[in-house]
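Structure, as structure tokens:
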Amino acid sequence: MTGAVIEEARSTSLTRDLVALTKPRIISLLLVTTVAPMFVAGRPSWWTVLIVTLGGYLMAGGANAVNMYLDRDIDDVMSRTRLRPIPSGRMAPQAVLAFGVLLATTATWMLAHFVNVLTALLALAGFYFYVFIYTRWLKRSSPSNIVIGGAAGAFPPLVGWAAVTGRLDLAALYLFLIIFYWTPPHFWALALLKQKDYGRAGIPMAPLVWGERETMDQMLWYTVVLLALTILPVAFGAFGLIYLASAIVLGGLLLRGVLRVRSLDRQHEIWTKAAWWTYKYSLLYLALLFVAMVIDRAIG
């Protein structure tokens, strides 16, 4: 293998690792919950949508990179994370931290310069909340880490709303609360499946501290509140029948998944499949719910 080929392979590997640090699969859902509220709030220009999308990706990607820097010790003992760039030895921790800070700094400048300062501040607040409140503090200290720390994932609708309106109001808070109440049942479905991993890493996830039954009960509670919250704005005329029908059908499927996980025998293979289905469907649920909001506003 020639030197040029080796260099090209290294460059390709580095590019792949840099992209992996941003967690693009996770960010894709965050961008849906950022852009959709922009069209619910008004009629943004495509330039604004492009800048907010790029800035949102960079900010979230920066947060994910810094998260990997802070979690490098536990990533090394968890089977699902030990192949990440730092624990695998492909990238130095300091390089990952610098990369994450660079992305967040670039995103802050872009959003403040091309959109507005409030949008930049909200995006930066989400970054700090995720890095310091969730990753640095709650993740390793409390079984409520996902409940409180999950609020970091609820900042994108605020960013999108502020980008169009230049302010925040009750409608934006409503979108924030949807994601806030969606996060626990979504993530606890995965936590139930990955208890051994979290146990080896010493992370006090709900199933390990509260027990499986209490965790599943809490999943049901949060899901019921979430479904009520998604239907409530229809009564105030914020959305119409298209959104209402979508919220009922999508929410009904999510509730069915949570109830199935709660009712099946934990030792049975069907339970594992049900938990995986609930986790994966919850991702689709949130994306489709926000798309339904946009369609309802556009047609209505």
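I want to confirm something. Restricting to the range 91-117 and keeping residues that are in a helix (DSSP H, G or I) and touching a residue at least 60 places away in the same chain (Cβ under 8 Å), which single residue is nearest to Leu58 (Cα to Cα)?
Only one residue tops the list, namely Leu103.
Scan the range 274-300 for residues that are at pLDDT 95 or above, surrounded by 14 or more Cβ atoms within 10 Å (Cβ to Cβ) and over 18 Å from Lys194 (Cβ atoms) and jot them down.
Tyr285, Leu286, Ala287, Leu288, Leu289, Phe290, Val291, Ala292, Met293, Val294, Ile295, Asp296
Might you check whether a residue that is more than 22 Å from Gly199 (Cα to Cα) and free of Cβ contacts under 8 Å to residues at least 40 places away in the same chain occurs anywhere in the range 82-89?
Yes: one or more hits.
When the range 129-188 is examined, which residues are found to be touching a Phe, Trp or Tyr at 6+ places or on another chain (Cβ under 9 Å), part of a loop (DSSP other than H, G, I, E, B) and under 30 Å from Val209 (Cα atoms)?
Answer for the range 129-188, where residues must be touching a Phe, Trp or Tyr at 6+ places or on another chain (Cβ under 9 Å), part of a loop (DSSP other than H, G, I, E, B) and under 30 Å from Val209 (Cα atoms): just Pro143.
Surrounded by 16 or more Cβ atoms within 10 Å (Cβ to Cβ) and at pLDDT below 95: is that true of Thr81 in this structure?
yes
Could you grab me the full set of residues in the range 230-243 that are surrounded by fewer than 16 Cβ atoms within 10 Å (Cβ to Cβ) and within 20 Å of Ala154 (Cα to Cα)?
Ile231, Leu232 - these are the residues of the range 230-243 that are surrounded by fewer than 16 Cβ atoms within 10 Å (Cβ to Cβ) and within 20 Å of Ala154 (Cα to Cα).
So which residues in the range 130-141 are surrounded by fewer than 20 Cβ atoms within 10 Å (Cβ to Cβ) and in contact (Cβ under 8 Å) with a residue 24 or more places away in the chain?
Once the filter is applied, which keeps residues that are surrounded by fewer than 20 Cβ atoms within 10 Å (Cβ to Cβ) and in contact (Cβ under 8 Å) with a residue 24 or more places away in the chain, the range 130-141 yields Arg136, Arg140, Ser141.
Scan (1) under 19 Å from the mean Cα position of the chain (by Cα); (2) crowded, with 20+ Cβ neighbours inside 10 Å; (3) within 23 Å of Lys194 (Cα to Cα) for the single condition Lys23 breaks and write down its number.
That leaves (2) as the condition not met.
Can you report the number of residues in the range 189-236 which are assigned to a helix (DSSP H, G or I) and closer than 22 Å to Tyr285 by Cβ?
28
Say whether the condition of being surrounded by fewer than 23 Cβ atoms within 10 Å (Cβ to Cβ), at pLDDT 95 or above and within 25 Å of Thr48 (Cβ to Cβ) is met by at least one residue in the range 169-176.
Checking the range 169-176: at least one residue is surrounded by fewer than 23 Cβ atoms within 10 Å (Cβ to Cβ), at pLDDT 95 or above and within 25 Å of Thr48 (Cβ to Cβ).
Yes/no matrix, rows are residues, columns are (1) free of Cβ contacts under 8 Å to residues at least 24 places away in the same chain; (2) surrounded by fewer than 17 Cβ atoms within 10 Å (Cβ to Cβ); (3) more than 29 Å from Asp169 (Cα to Cα):
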position	(1), (2), (3)
Ala201	no, no, yes
Leu208	no, no, yes
Glu214	yes, yes, yes
Ala228	yes, yes, no
Ala245	yes, yes, no
Leu254	no, no, no
Val258	no, no, yes
Thr272	no, yes, yes
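The values are calculated or read from the model by the stated rules, or taken from the named source; none is laboratory data. What you see is a predicted model; the values in this text were computed from it and never measured. With ideal geometry, Cβ positions are generated from the backbone for all residues, glycine too; neighbour counts draw on all protein chains shown.
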